[in-house]
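Peer 1: The structure is given below, and queries will be raised subsequently.
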Amino acid sequence: MSINHYFSDSAGDDLQPREITASLVGKAVKVFTSSGVFSPDHIDLGTEVLLKQLDKIKPSGNILDLGCGWGPIALAIALTAPEAKVTAVDVNQKSLSLTRMNAEKLNLKNITTFLPEQVPTELLFDEIWSNPPIRVGKEVLHEILFLWFNRLSVGGTARLVVQKHLGSDSLEKWLRQNFPNFEVTRVTSEKNFRVIKLVRN
């Protein structure tokens, strides 16, 4: 299966944004969401757990939000690290439109949105942050992770949040087996979610 199908592509649907209030880096902000994207009514619990790790983020560099949805991770990274260049990737056109709208709404100039195939091939990332699409199945998920983790620079870090009952432990084992040049650790476990960290050696 092509990597272009790891999220639902609703490019043909009309975008009908609506405003919600969300908490990002401790601030209540107004953002746009829509039907047809992941967790349109609120920041999902897994993403909240992941964002608690933002105190570890590098203040600058190239940072990837893999599977950006309406943008909570990219927005939080851009707010926390205004000197960073944030790349938000999704195959869902609605998600990219909403992320752009929210970046503009919050006056964030350091976020760029791309479809996966639009990301410049020479661009390497210092960090990757993701609440990955576990429900697409192992084959597609593994394809995604191979593609993007191999674009981490040496010394670069990836952080994934995965729910325990959706296979976080087996995914962690698979990562250790298939990324021998990465150090894989579980950095936190909260509310049945695990945050897995990889560092490229």
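The values are calculated or read from the model by the stated rules, or taken from the named source; none is laboratory data. Keep in mind that this is a model prediction, so the values were computed, not measured. All Cβ positions, even for glycine, are placed from backbone atoms using ideal geometry, and neighbour counts span all protein chains on display.
Peer 1: Of the residues Thr80, Thr47, Thr21, only one is surrounded by 20 or more Cβ atoms within 10 Å (Cβ to Cβ) and modelled with pLDDT of 95 or more; which? Can you show your working first?
Peer 2: On the way: Thr80 fails: surrounded by 20 or more Cβ atoms within 10 Å (Cβ to Cβ); Thr21 fails: surrounded by 20 or more Cβ atoms within 10 Å (Cβ to Cβ).
Residue meeting the stated conditions: Thr47.
Peer 1: Restricting to the range 85-114, give me the number of residues that are touching a residue at least 40 places away in the same chain (Cβ under 8 Å) and farther than 18 Å from Asn131 by Cβ.
Peer 2: 5
Peer 1: Now a separate question. Give me the pairs: first residue in the range 134-155 and within 22 Å of Phe38 (Cα to Cα), second residue exposed (fewer than 12 other Cβ atoms within 10 Å of the Cβ), beta-carbon distance under 8 Å, and six or more apart or on different chains, which are they?
Peer 2: Glu139/Met1; Val140/Met1; Glu143/Met1
Peer 1: Against the conditions (1) farther than 20 Å from Leu152 by Cβ; (2) small (Gly, Ala, Ser); (3) surrounded by fewer than 24 Cβ atoms within 10 Å (Cβ to Cβ), where does Gly61 fall short? Just the number, please.
Peer 2: So the condition that Gly61 fails would be (1).
Peer 1: So which strands (runs of 3 or more DSSP E) stay within the range 122-201 end to end and still have 1 or more residues that are of a type in the set (D, E, K, R), surrounded by 16 or more Cβ atoms within 10 Å (Cβ to Cβ) and out of contact with any Leu (no Cβ under 6 Å at 6 or more places or on another chain)? Talk me through it step by step, then tell me what you get.
Peer 2: Values: elements: 125-130, 152-163, 182-190, 193-200.
Counting at least 1 such residues, we get 125-130, 152-163, 193-200.
Peer 1: Related question: Of all residues in the range 82-108, count the ones that are small (Gly, Ala, Ser) and in contact with a strand residue (DSSP E or B) (Cβ under 7 Å, 6 or more places away or on another chain). Please lay out each step first, then the result.
Peer 2: Initially, the range 82-108 is screened for residues small (Gly, Ala, Ser), giving 84, 88, 95, 97, 103.
From the residues that got through so far, the ones that are in contact with a strand residue (DSSP E or B) (Cβ under 7 Å, 6 or more places away or on another chain) too are 84, 88, 103.
Residues that pass the stated criteria total 3.
Peer 1: Against the condition buried (at least 16 other Cβ atoms within 10 Å of the Cβ), over 20 Å from Thr33 (Cα atoms), of a type in the set (Ser, Thr, Tyr) and modelled with pLDDT of 95 or more, how does Thr112 come out, does it pass? Quick ask: steps written out before the conclusion?
Peer 2: Values: buried (at least 16 other Cβ atoms within 10 Å of the Cβ): yes; over 20 Å from Thr33 (Cα atoms): no; of a type in the set (Ser, Thr, Tyr): yes; modelled with pLDDT of 95 or more: yes.
No, not satisfied.
Peer 1: Kindly list the number of the only condition in (1) modelled with pLDDT under 95; (2) closer than 17 Å to Val162 by Cα that fails for Pro40.
Peer 2: Exception for Pro40: condition (2).
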